[in-house]
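Just so it is clear, none of the values below were taken in a lab; they were calculated from the coordinates. Quantities reported herein were computed from a predicted structural model and do not represent experimental measurements. Positions of Cβ are generated from backbone atoms using ideal geometry, with glycine treated the same way; all protein chains shown enter the neighbour counts.
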């Protein structure tokens, strides 16, 4: 996974996130078709950018790190596809929290 994601290196305060697939079957055994599924808002950080600079030119450290499982805003980021795998490139501020 990390070798494929290395083909995309985010810059600045951007983060590369691999979305976690939504579950196919809900409680009660009802199968949800792809067209009715909500966009996943959970993913795994696979790469981080070079960092954002403050007004003094100092780098602001990232809060998230590679491997973190995160919650992000549903419509935040830009979707990209690499080797048949979907990813999101988003600003760190679009990440709402770290799971676990």
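Could you calculate the contour length gain from residue 50 to residue 65, that is, 0.36 nm times the residue separation minus the distance between their Cα atoms, to one decimal place in nm? Don't skip to the end; give the middle numbers.
On the way: separation 15, 0.36 × 15 = 5.40 nm, distance 1.22 nm.
Gain on extension, residue 50 to residue 65, equals 4.2 nm.
Work out how much length residue 82 to residue 7 would gain on full extension: take 0.36 nm times their residue separation and subtract the Cα-Cα distance, in nm to one decimal. Write down the numbers at each step before the final one.
On the way: separation 75, 0.36 × 75 = 27.00 nm, distance 0.84 nm.
Stretched out fully, the residue 82 to residue 7 stretch lengthens by 26.2 nm.
Can you put 74, 7 in order of Cβ neighbours within 10 angstrom, beginning with the fewest? List each step's numbers first, then the result.
Values: 74 12, 7 9.
Going from sparsest to densest Cβ surroundings: 7, 74.
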